Amino acid sequence: MVVVLVMVVVVALLAGVHRYVWRRLVGDTTAKGSPARRAGTIAAFVLPLLSLGAMTSARAGFPFWLQQVLAWPGYLWLAVLLYLTMALLVGEAARPLLHRFLARRSAAGTEDATAGAEEATVGARPEAGAVASGAAATSGAGATGEAAASGEAEVTGTENGSDGGTRTRTDVAPPPESPAAPTVVDPSRRLFVARAVGGAAALAGLGTVGYGTYGVLRGPRVKRITVPLARLPRSAHGFRIAVVSDIHIGPILGRAHTRRIVEAINATRPDLVAVVGDLVDGSVKDLGSAAEPLAGLEARHGSYFVTGNHEYFSGAAEWVDHVRELGLHPLENARVEIAGFDLAGVNDVAGESEGQGPDFVRALGDRDRSRASVLLAHQPVVIDDAVKHGVDLQLSGHTHGGQLWPGNLLAGLANPTVAGLERYGDTQLYVSRGAGAWGPPVRVGAPSDITVVELASRQA
């Protein structure tokens, strides 16, 4: 019941957002019945259907080629919709300001034109003498008639002159003020503002998504950090672990993506490679060949793998066997001794639904606590268990650093650390932003990374 309610809310929200975007980009900027409006209306129906297909095709069992066809436009549109909506909402504040600016310019132009016309009229008037003589010839009755015709009221009375006599005085009262006309926005001005704001929002949204897509397809950048460990012996000082998480091989990011990552890791010449979960989004049948470049990973002490939540959506047992065939060492709630420290790994918490969740006692319970320890765990949320078991350093991923700003704010609500290195008691936690992307192949404000963690001995 709860799941159905959430789905209804999500669908209603998406429908409302699409309606808003259509109105601002199509309804306000095109004429009824025009080809542009018809095309925009068709897109407003087709694009969300593609997005729905991209999100559900794998679980619905669609052929892999169809998943690939739907994934690119469907997921990219979700990213475009996010930043397009944000840009249009910013544009709502700009609309009244732009209307006011254009109205003032129009009013200033009208005043200039009126002033020019008055100057031309003054220049065309007859000489003052002719005007005076003409005015003297005009009878009082004529003057009265003109006043009446202009809507002015004539008031007659007498006044004492300076010579003691009396004169007749005629005053003309101003006409009554007419009520102010209602303000009407020029339709051409309204159309101009709608197109200007809509065009700027479209450029901002498409530009943001384009740049974010380029960042993912280019491949992750290498980061380097040094982490001191109190119990690390001098013999292990400078030991380098290449940490890579959230590769997300799938319908969009395939074999070429995997190859780029492997080449970037090998170029760092690490002592050990740690693949910290969410390797794939799909079955071994569909993606096994795309993962094959992992067999080319080179490290003096080998490459290790722990499951992420997406492995349990994709057949975790099969993937554990497959990565083992590719030369990686899966750590399923297990531990190995490396020169100078213990390397442990736990299953992801999503495995609890299959009875394969994290088991810290099995991985760390009987170890020699005088030795330094490094834990591979996909999700940062298990940091409390790591602290309880005396882990020196936990290496995680999962958050993508938020992937699409302002997603980092939401990721911060669900994770103790979104990205980077932080300390919890005597345990340090490093969270990678990941090397791939889930859903839209786009990253904004959270660039993908591979991190070389260099361990430092305080005894050195």
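Want the number for Ala94 to Val222: 0.36 nm per residue separation, take away the alpha-carbon distance, what's left? Write out the running numbers ahead of the final one.
On the way: separation 128, 0.36 × 128 = 46.08 nm, distance 4.02 nm.
That pair, Ala94 and Val222, stretches by 42.1 nm at full extension.
The string of couplings for region 81-91 from the Karplus curve (6.51, -1.76, 1.60, θ = phi - 60°) is 4, 4, 7, 5, 5, 4, 5, 5, 5, 5, x Hz, one whole number per residue in order, with x for Gly and Pro. Computed over region 401-460, the range of Cα coordinates on each principal axis works out to 46, 23, 15 Å, biggest value leading. Packing order of peptides 327-339, 5-17, 273-285, highest average first: 273-285, 327-339, 5-17 (average count of other Cβ atoms within 10 Å over each peptide's residues).
Close amide H contacts of Tyr304 (hydrogens built in the peptide plane, cut-off under 5 Å, sequence separation of 5 or more or a different chain): Val273, Ala274, Val275, His329. Does anything in region 55-81 have its amide N under 18 Å from the 7 Å Cα→Cβ label point of Leu14, and if so which residues? Backbone N within reach: 55-62, 67-81.
Percent antiparallel among DSSP beta bridges with both residues in region 220-457, to the nearest 5? Could you put the intermediate results ahead of the total?
Numbers: 14 of 47 bridges.
Around 30 percent antiparallel, to the nearest 5.
According to the Cα-based calculation, Rg over Rh for region 1-84 is 1.04, with Rh computed by the Kirkwood formula.
By the Cα gyration tensor, region 314-420 has an equivalent ellipsoid whose semi-axes, rounded to whole angstrom, run 24, 19, 13 from largest to smallest.
Each Lys or Arg adds one and each Asp or Glu subtracts one; over the other residues with Cβ under 11 Å from the Cβ of Leu429, this totals -2. Rg and Dmax of region 220-457, based on Cα coordinates, read 16.2, 46 Å.
The string of couplings for region 309-314 from the Karplus curve (6.51, -1.76, 1.60, θ = phi - 60°) is 4, 6, 5, 7, 8, 10 Hz, one whole number per residue in order, with x for Gly and Pro. Measuring r between the beta carbons of Leu191 and Arg423 and using R0 = 51 Å, the FRET efficiency lands at 0.30.
Neighbours of Asp359 by Cβ distance under 14 Å: Lys/Arg scored +1, Asp/Glu scored -1, total -2. Counted by Cβ distance under 13 Å from Ala291, the other residues give a net charge of -4, where Lys and Arg count +1 and Asp and Glu count -1. Spacing of the modelled spin labels on Arg367 and Ala43, each 7 Å from Cα toward Cβ, amounts to 5.4 nm. Amide H of Ser373 versus every other amide H placed in the peptide plane: which residues, excluding those fewer than 5 positions away on the same chain, fall under 5 Å? Amide H to amide H, under 5 Å and 5 or more residues apart or across chains, Ser373 pairs with Asp342, Asp392, Leu393. Taken one residue at a time, the phi angles of region 280-295 give Karplus couplings (6.51, -1.76, 1.60, θ = phi - 60°) of 9, 10, x, 7, 4, 4, 7, 10, x, 5, 5, 8, 4, x, 4, 5 Hz. Gly and Pro are set to x.
We did not get these values from a lab; they are worked out from the coordinates using the rules stated. Owing to the predicted nature of the structure, the values given are computational and were not obtained by experimental measurement. Quick reminder, even Gly has a Cβ in these numbers, built from the backbone with ideal geometry, and neighbours come from all protein chains shown.
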